[in-house]
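Dropping the structure in here first, questions after.
The values are calculated or read from the model by the stated rules, or taken from the named source; none is laboratory data. This one's a predicted model, so the numbers in the text were calculated from it and none came from an experiment. Counting neighbours? That spans all protein chains shown, and the Cβs are built from the backbone with ideal geometry, glycine included. These area figures cover heavy atoms from the full protein model, side chains too; ligands, DNA and RNA do not enter into them. Shrake-Rupley method; radii C 1.70, N 1.55, O 1.52, S 1.80 Å.
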Amino acid sequence: ACLSAAMNENPGRGRLLLIRFRSLGDILLSLPLARVLAEAGHSVEMVVDEAYAGLVRGHDFIAREHVRPRGWRGRASLMAGLAGKFSLAVDLHGSPAAAFLARVAAPRVAGFAGKRLAGLYNIKVPPAPGNLHTIEVNLSVATALGIPVSRPIRLLGPPADPELNRVIPSRPAA
């Protein structure tokens, strides 16, 4: 299944939910994927844990940041607020909580095959070789969705910190 098919089947055309709850580095390393999805013409919203609130806010390719609170009541409220609002959810976190949130938020869910609840994904991204950088692994989601990824890839840090904006060179063909 590809992204264009997922978008055409659903009324919320183009609204994507990207889920990466925690781990500062992993959240930052998911931003190139968010950028690629946005550059493909989709409105990308992202869910992060309360401790990382504000980390993805301010990037022009993130339409909205959703903060997952610590308590179960707040998390249930977030899930209810996001239910059915998206055409596609992308689970980069891989936990049961992320898989359930993705399934509630969208009828189409992309995630990595081999995760505990991968049965909830209708777009299973094949496992990447172990020698790939996390950015490349995340970008394999775009490829699985039928979105081309051009090189070089820009690693985007918080907008206020231009020192974190570095270019990662293309990988040589194996």
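Determine if the stretch 30-44 includes at least one residue that is open to solvent by less than 40 Å² (accessible area, probe 1.4 Å) and part of a strand (DSSP E or B).
yes
Among the strands (runs of 3 or more DSSP E) contained in the stretch 62-160, which hold 1 or more residues that are open to solvent by 30 Å² or more (accessible area, probe 1.4 Å) and more than 18 Å from residue 27 (Cβ to Cβ)?
Here the list reads 108-112, 123-125.
Mind checking which residues of the stretch 48-59 are of a type in the set (D, E, K, R) and either free of Cβ contacts under 8 Å to residues at least 12 places away in the same chain or open to solvent by less than 70 Å² (accessible area, probe 1.4 Å) (or both)?
49, 57
Also: Just to be sure I understand the filter: pairs with C-beta atoms under 8 Å, separated by 6 or more residues or on different chains, first member in the stretch 74-91 and within 21 Å of residue 125 (Cβ to Cβ), second member of a type in the set (Lys, Arg) and assigned to a loop (DSSP other than H, G, I, E, B). Which pairs pass?
87/13; 91/115
Are there any pairs, at least 6 apart or on different chains, whose C-beta atoms fall under 9 Å, with the first in the stretch 23-47 and within 19 Å of residue 95 (Cα to Cα) and touching a residue at least 24 places away in the same chain (Cβ under 8 Å) and the second open to solvent by less than 10 Å² (accessible area, probe 1.4 Å) and of a type in the set (Ser, Thr, Tyr), and if so, which?
Listed pairs, sorted by first residue: 46/30.
If you don't mind, another one. Residue pairs, Cβ under 7 Å, 6 or more apart or interchain, first in the stretch 138-149 and touching a residue at least 40 places away in the same chain (Cβ under 8 Å), second open to solvent by 10 Å² or more (accessible area, probe 1.4 Å) and part of a loop (DSSP other than H, G, I, E, B). List them.
138/92; 139/149; 142/149; 145/2; 146/2; 147/40
Would the stretch 60-80 turn up any residue that is aromatic (Phe, Trp, Tyr), farther than 18 Å from residue 14 by Cα and under 16 Å from the mean Cα position of the chain (by Cα)?
The answer is no, given that none of the residues of the stretch 60-80 is aromatic (Phe, Trp, Tyr), farther than 18 Å from residue 14 by Cα and under 16 Å from the mean Cα position of the chain (by Cα).
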